[in-house]
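Trainee: My questions all concern the structure below.
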C-alpha cells in the first residue's frame with residue numbers, strides 16, 4: 001500500500017514539476033491572456049453593463065476570468081502531458097510501472113488541480129487591482145475552484161487518452177472546451193440573455209462552476225450555489241467514473 | 001492474423017536467455033505481453049509466479065524492461081528521470097543505487113544534463129538505468145545494442161553480465177548473433193510467431209553443419225551455386241559437412257571461371273545455425289500451407 005501511495009505521489013510530483021519547469025508558458029502566459037481580457041472587456045463594457053446592483057462590471061469580471069483560467073489550465077495540464085507522452089513514446093516509462101489506474105487518475109487530476117489553482121491565483125492577483133470583487137463565502141470559492149479544476153483535469157485525461165495527434169486535442173479544446181467556457185457566463189450574467197439562451201446555458205455544466213464560484217465573492221448568483229454544487233459534483237462523479245474505467249481498460253494506451 | 005501462436009517456454013531463475021528471430025517474428029510482441037503493454041488474446045505469462053494480467057503490480061515490480069525505441073522525457077535531467085522512475089516503483093531514498101548505476105553505465109558526468117542534450121548512445125544508457133532503478137530480479141533487454149557504438153556495447157554487456165552473475169535473470173532479444181552466442185546460455189528462435197528452436201546455445205551449435213567454407217570472389221556466382229550460398233557483398237559462405245563437399249564447391253567455382261580468394265574453413269557459428277533453422281522453418285511452413 002505504501003509503495004502504491006508513493007508511486008502515485010511520485011507521478012503527482014512529476015506532473016507538477018513538468019508544468020513548473022515551463023511556468024512561463026503554463027502559468028505566466030494564461031495570466032497575461034486574462035489581463036488582456038480584463039483590459040479590453042473591462043474598458044469597453046464597464047459603462048454599459050450592470051450585472052448585479054452594487055457590483056461593478058470589472059469586479060464582476062474578475063471571478064469569471066479567474067475561474068475560466070482555472071478550468072482551461074486544469075484541462076490543458078492533464079491533456080497536454082498525456083498526449084505529449086503518447087506521441088514522444090515516453091508514456092512507456094509509466095506503463096511499465098505497477099501503478100494502478102486509480103494512482104494514474106489521482107495523480108493526473110491532482111496535478112491539474114494544482115496547475116489550475118496556481119494560474120487562478122496568478123490571474124486573481126493581477127486582475128483584482130482592476131476591480132475588487134470582495135469575498136463573502138471563501139469556502140464556496142475554494143470548493144468550486146477545486147471541483148471545477150478536478151472535473152477539467154479528468155476531462156483532460158479523457159481527451160489525452162482519446163487523441164492520437166495534437167490537432168485532435170486542439171479540436172477538442174477549440175470546439176468543446178472553449179465554447180462551453182465562453183458561453184458559461186464568464187463575461188455576462190445569463191439573466192441578460194433571452195429566455196431560450198438562458199435555458200440552453202442551464203444545460204452547460206461550466207455555467208454552474210462559474211456561477212457557484214462567483215457566489216463566493218458576491219453572495220449573489222444566477223442560481224443557488226447548492227444547485228451548482230449538486231450539478232458540478234454529479235458531473236465530476238460521472239466524468240471520474242468514465243476516466244477511471246478508461247484507464248482500467250488501458251483505452252488507447254495498452255493494446 | 002496471429003502475432004504469436006502456441007509460444008510456450010520457461011526461463012529459469014538466473015538464466016541468460018536469448019530470444020532470436022527475424023524482424024516481425026513476434027519478439028517485441030512477446031515482450032510487450034510480458035510488460036503488460038499488449039494484452040494477449042489467450043494464454044498466460046508468469047513472472048516468478050506472478051501473472052502479468054491478474055497480478056500485474058507484482059509482476060511489473062519484478063521486471064526491468066529496456067524498451068527498443070529510444071524514448072525519453074525532455075522535461076527532466078538524467079538524475080530526475082531516474083528518481084522519478086524509482087518513485088513509481090515505491091523505492092524511496094534510492095540515491096546510492098542511482099549513483100552506482102550512473103557510474104557503471106558511464107553516465108555520472110551527464111547526471112545533471114537534460115535528456116534532450118544527450119547523444120543517442122547516452123539516451124540508451126539512461127534507458128538501461130531506468131529499467132534497473134528498482135533492482136528488478138528479471139531484466140528484459142529488447143535489442144539494447146541496436147545502433148550503438150562498440151564502447152557502449154562493451155560497458156553494457158560487462159554490467160549486465162555482472163548482474164546476471166549476481167543472480168538476475170536476463171532475457172535478451174538481439175539481431176547481433178555473436179552477442180547472443182557469447183552471452184546467452186539458452187536460446188529460443190521465433191519465426192512468424194512460433195517457436196522454431198528452443199535449446200541451450202551449445203546444443204544448437206553442436207547440431208549445426210560442422211564447418212563453413214568462406215572465400216571472396218570478384219564476380220557473381222552462377223545461380224546453381226548462389227542458391228546454396230550465403231553471400232554478403234564479395235564474401236561467399238557454404239555450409240560443408242566434410243572435405244569432399246569443400247573440394248566440390250571450390251571446383252565448381254573454378255569451373256565457373258572465378259577465382260576464390262582468402263579461402264578459409266571455420267566452425268559454424270550461431271548465425272549459421274540461425275539461418276539454417278529459419279530456412280527449415282520456412283520450408284516447413286510452405287509445406288504445411290500446401
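Trainee: Shielding of B:58-65 by partners, i.e. mean partner chain Cβ atoms within 10 Å per residue? Display every interim value, and only then the final one.
Mentor: On the way: counts 1, 1, 5, 3, 1, 2, 1, 4.
Per-residue shielding by partner chains comes out at 2.
Trainee: Roughly what angle does helix A:205-218 make with the longest principal axis of chain A, taking Cα atoms, 0 to 90 degrees, to the nearest 10?
Mentor: So the helix axis and the longest Cα principal axis differ by about 60 degrees.
Trainee: Relative to the compact globular guide of 2.2 N^0.38 Å, what is the alpha carbon radius of gyration of the stretch B:209-267, as a ratio?
Mentor: Taking N as the residue count of the stretch B:209-267, the ratio is 0.99.
Trainee: So how do B:46, A:193, A:247, B:177 line up by other beta-carbon neighbours within 10 Å, fewest first? All intermediate terms of the calculation are to be shown ahead of the outcome.
Mentor: Values: B:46 12, A:193 15, A:247 22, B:177 19.
The order, fewest Cβ neighbours first, is B:46, A:193, B:177, A:247.
Trainee: Set the Förster distance to 41 Å, then compute FRET efficiency between residue B:10 and residue B:234 from the Cβ-Cβ distance, nearest 0.05.
Mentor: Numbers: r = 43 Å, r/R0 = 1.06.
So the FRET efficiency works out to roughly 0.40.
Trainee: Most mobile of B:59, B:226, B:81 per a Gaussian network model of chain B (Cα springs, under 10 Å)?
Mentor: B:226
Trainee: As I understand it, the value is the acute angle between the Cα axis of helix A:101-127 and the longest principal axis of the Cα atoms of chain A; what does it come to in degrees, rounded to 10?
Mentor: Tilt relative to chain A: about 30 degrees.
Trainee: Something else about it: Using only the alpha carbons of the stretch B:180-290, determine the length spanned along each of the three principal axes and report them from longest to shortest in whole angstroms.
Mentor: Taking the Cα atoms of the stretch B:180-290, the three principal extents are 43, 37, 25 Å.
Trainee: May I ask you to sort B:60, B:8 by Cβ crowding, counting other Cβ atoms within 10 Å and putting the fewest first?
Mentor: Values: B:60 25, B:8 9.
Fewest-to-most ranking of B:60, B:8: B:8, B:60.
Trainee: Who wins for biggest fluctuation among B:65, B:231, B:84 in a Gaussian network model of chain B, springs between alpha carbons below 10 Å?
Mentor: Maximum fluctuation in the GNM of chain B, among the listed residues, is at B:231.
Trainee: Hey, rough spin-label estimate for residue A:178 and residue B:175, points 7 angstrom out along Cα→Cβ, what's it come to in nanometres?
Mentor: Rounded to a tenth, the inter-label distance reads 4.4 nm.
Trainee: Tell me the volume per residue, in Å³, of the convex hull enclosing the alpha carbons of the stretch B:1-148.
Mentor: 129
Trainee: Can you give the FRET efficiency for residue A:170 and residue A:223, using 1/(1 + (r/R0)^6), R0 = 30 Å, r = Cβ-Cβ distance, to the nearest 0.05?
Mentor: 0.40
Trainee: Efficiency by 1/(1 + (r/R0)^6): what FRET value for residue A:5 and residue A:203, r their Cβ-Cβ distance, R0 = 45 Å, to the nearest 0.05?
Mentor: The value I calculate is 0.70.
Trainee: A follow-up question, please. Under a crude label model (7 Å from the Cα following the beta-carbon direction), how far is residue B:264 from residue A:245 in nanometres?
Mentor: Label-label distance for residue B:264 and residue A:245, simple model: 6.6 nm.
Trainee: State the dimensionless ratio Rg/Rh of the stretch B:99-193 (Rg: radius of gyration of Cα atoms; Rh: Kirkwood radius).
Mentor: That ratio is 0.97, to two decimals.
Trainee: Related question: Evaluate the distance, in nm, between pseudo-label points positioned 7 Å from the Cα of residue A:40 and of residue B:226 along their respective Cα→Cβ axes.
Mentor: With each label placed 7 Å out from Cα toward Cβ, I get 7.0 nm.
Trainee: Please compute P(r) over all alpha-carbon pairs of the stretch A:2-249, binned at 5 Å starting from zero, and give each bin as a whole-number percent.
Mentor: Using 5 Å bins, I get a P(r) of 1, 7, 14, 18, 19, 16, 11, 7, 4, 2, 1, 0 for the stretch A:2-249.
Trainee: Now for a different question. Write down the Kirkwood hydrodynamic radius of the stretch A:105-255, to one decimal in angstroms, obtained as one divided by the mean of 1/r over all alpha carbon pairs.
Mentor: Evaluated over the stretch A:105-255, this radius sits at 16.5 Å.
Trainee: Could you calculate, for the stretch A:90-172, the ratio of the Cα radius of gyration to the Kirkwood radius, expressed as Rg to Rh?
Mentor: 1.09
Trainee: Under the 0.36 nm per residue contour assumption, what length would be gained going from the current alpha-carbon distance of residue B:254 and residue B:241 to full extension?
Mentor: Residue separation times 0.36 nm, minus the Cα-Cα distance, leaves 2.7 nm.
Trainee: Next up: Counting residues in the protein assembly as shown as N, plug N into 2.2 N^0.38 Å and put the Cα Rg over that result.
Mentor: Ratio of Rg to 2.2 N^0.38 Å for the protein assembly as shown: 1.30.
Trainee: Take peptides B:24-36, A:109-121, A:81-93, B:252-264 and line them up by average Cβ neighbours within 10 Å, highest first, as a rough protection proxy.
Mentor: So the peptides B:24-36, A:109-121, A:81-93, B:252-264, ranked by packing, come out A:109-121, B:24-36, A:81-93, B:252-264.
Trainee: While we're here: Within 10 Å of each Cβ of A:17-29, how many other protein chain Cβ atoms are there on average?
Mentor: Per residue, the number of nearby Cβ atoms from other chains is 1 on average.
Trainee: Let me ask something additional. If each residue of separation counts as 0.36 nm, what is the full-extension length gain between residue B:48 and residue B:203 once their alpha-carbon separation is subtracted? Walk me through the numbers on the way to the answer.
Mentor: Working: separation 155, 0.36 × 155 = 55.80 nm, distance 2.60 nm.
Full-extension gain reported as 53.2 nm.
Trainee: Taking each residue of B:78-89 in turn, how many C-beta atoms of other protein chains fall within 10 Å of its C-beta, and what is the average?
Mentor: Partner-chain Cβ atoms within 10 Å, mean over residues of B:78-89: 5.
Trainee: Across chain B, how large is the tail of the calculated P(r) beyond 33 Å, expressed as a percent of all Cα pairs?
Mentor: Value for chain B (Cα pairs over 33 Å): 34 percent.
Trainee: I want to verify a result. In a Gaussian network model of chain B, Cα cutoff 10 Å, which of these has the top mean-square fluctuation: B:15, B:181, B:220?
Mentor: Maximum among the listed residues: B:220.
Trainee: Let me know the Rg and Dmax you get for the stretch A:132-218 when you use only its Cα atoms, in Å.
Mentor: Calculated on Cα positions, Rg and Dmax stand at 14.8, 44 Å.
Just so you know, all these numbers are worked out from the coordinates, no wet-lab data involved. Nothing here was measured: the structure is a model prediction, and the numbers come from that model. Here Cβ is always computed from backbone atoms with ideal geometry, including for glycine, and neighbour counts include all displayed protein chains.
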